[in-house]
Amino acid sequence: MSTQQPAPLLALQGVHCVLGGQPVLTDLNLQVQGGERVAVIGPNGAGKTTLFQVISGLRPLHAGSVWLRGRRIDRLSPPQIARAGVGRSFQTPQVFGHLSVADNLRCALLAHAGSNGLRRLARDTALEQDTAAWLHALQLQALASARAQHLDYASLRALELGLALSGKAPLLLLDEPTAGMSRAQAGEMLDLILQVCRDRTLLVIEHDLDAVFRLASRVIVLHQGRALADGTPQDIRADARVQAVYLGLAP
Ligand SMILES: Nc1ncnc2c1ncn2[C@@H]1O[C@H](COP(=O)(O)OP(=O)(O)OP(=O)(O)O)[C@@H](O)[C@H]1O
Ligand SMILES: [Mg+2]
């Protein structure tokens, strides 16, 4: 990579991923700069979740490489990649169901703290203050004592967002954060994402195009494991190939 310009926050070079003998990602090249909000869209089975699995180390590459701020990360373990600065939420929310909302946040804060952070959190009321700040930011104060398994779906997704964010990772991968929500709930979730992720770089898989156009400054369209288009929301809306494969407007 060039030494003249800072490396992009995230770069994929020639990524191939094969699952069950079938190519799922093919020659994928992608760069995301710090501060961008990028939506990844595409039909079911296009490879969107697999892309996130590959970036976060949960699926091996069969060729190519993944870089974070110029550091190669595709040979690191998922915890190492998380510590290097990649946070994520899952298509199906992943929380500790038997723990309270507040305890889920405490666990995430402690897990992400590192040794210096742990020393700080162990002092006085630092852990309680940080937990309270996250409950406030996520608008979950009233549910602090509720077991996560008893949360309504929208609150569960908000908690999961908080767990991903509390690690302070500069890059966040959000897999369908508004899936399964009513229009009103999805709107509130988007408000929350825009509020609490404003200092992060986002890569968001999203099927709802209204959400995409509200959230993203750039859209990447995956189709059969390849990047079919990459541009501004306006470019993507006007792209005939995208309309054909994704928007279902082709004859
Ligand atoms: N473990 C696996 N073994 C074999 N094939 C798999 C595996 N996981 C995913 N696939 C296949 O890889 C392709 C891409 O799957 P992926 O979950 O990445 O799609 P997606 O774009 O996230 O779809 P959706 O919008 O439905 O979530 C699909 O054809 C899927 O059947
Ligand atoms: Mg998926």
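The values are calculated or read from the model by the stated rules, or taken from the named source; none is laboratory data. All figures in this text were calculated on a predicted structure; none of them were measured in a lab. As a convention, Cβ positions derive from the backbone with ideal geometry for all residues, glycine included, and neighbour counts pool all protein chains shown. What goes into the accessible areas is simple: the full protein's heavy atoms, side chains included, and nothing from ligands, DNA or RNA. Shrake-Rupley method; radii C 1.70, N 1.55, O 1.52, S 1.80 Å.
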Next item on the list: Starting from residues that are in contact (Cβ under 8 Å) with a residue 40 or more places away in the chain and polar (S, T, N, Q), keep the ones in region 1-39 and report whichever is least open to solvent (accessible area, probe 1.4 Å).
Entry: THR26
Check: Does any residue of region 156-171 turn out to be within 16 Å of ligand 1 (Cβ to nearest atom) and in a helix (DSSP H, G or I)?
Finding: yes
Margin query: Any residue that is free of Cβ contacts under 8 Å to residues at least 40 places away in the same chain, open to solvent by 40 Å² or more (accessible area, probe 1.4 Å) and hydroxyl-bearing (Ser, Thr, Tyr) - is there at least one of those in region 40-49?
Written below: no
Next item on the list: All but one of (1) more than 16 Å from ligand 2 (Cβ to nearest atom); (2) crowded, with 18+ Cβ neighbours inside 10 Å; (3) part of a helix (DSSP H, G or I) hold for CYS107, so report the exception by its number.
Entry: (2)
Note to self: Any residue that is within 16 Å of ligand 1 (Cβ to nearest atom) and either farther than 21 Å from SER56 by Cβ or part of a helix (DSSP H, G or I) (or both) - is there at least one of those in region 137-149?
What the structure shows: no
Margin query: Consider region 65-77. How many of its residues are in a strand (DSSP E or B) and crowded, with 18+ Cβ neighbours inside 10 Å?
Written below: 3
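The rows are residues; the columns are (1) out of contact with any Leu (no Cβ under 9 Å at 6 or more places or on another chain); (2) farther than 22 Å from ILE41 by Cβ.
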position: GLN129; (1), (2): yes, yes
position: LEU135; (1), (2): no, yes
position: ALA158; (1), (2): no, yes
position: LEU163; (1), (2): no, yes
position: ALA186; (1), (2): yes, no
position: GLN195; (1), (2): yes, yes
position: ASP199; (1), (2): yes, yes
Margin query: Would you confirm, using the coordinates I've provided, whether GLY14 is of a type outside the set (Asp, Glu) and within 21 Å of PRO170 (Cα to Cα)?
Written below: no
Checklist line | Total residues in region 172-185, condition among the hydrophobic types (A, V, I, L, M, F, W, C) and within 16 Å of ligand 1 (Cβ to nearest atom) | finding: 4
Notebook entry, point to check: Restricting attention to region 119-150, and to residues there that are open to solvent by 80 Å² or more (accessible area, probe 1.4 Å) and of a type in the set (A, V, I, L, M, F, W, C), which single residue is modelled with the highest pLDDT?
Noted result: ALA142
Notebook entry, point to check: Can you spot a residue in region 86-98 that is in contact with a strand residue (DSSP E or B) (Cβ under 7 Å, 6 or more places away or on another chain), within 16 Å of ligand 2 (Cβ to nearest atom), outside any helix (DSSP H, G or I) and open to solvent by less than 40 Å² (accessible area, probe 1.4 Å)?
Noted result: yes
Next item on the list: Taking PRO60 as meeting all but one of (1) assigned to a loop (DSSP other than H, G, I, E, B); (2) within 16 Å of ligand 2 (Cβ to nearest atom); (3) out of contact with any helix residue (DSSP H, G or I) (no Cβ under 7 Å at 6 or more places or on another chain), write down the number of the exception.
Entry: (2)
Next item on the list: Output the number of residues of region 9-24 satisfying the condition of being closer than 20 Å to ILE81 by Cα, of a type outside the set (Val, Ile, Thr) and assigned to a strand (DSSP E or B).
Entry: 7
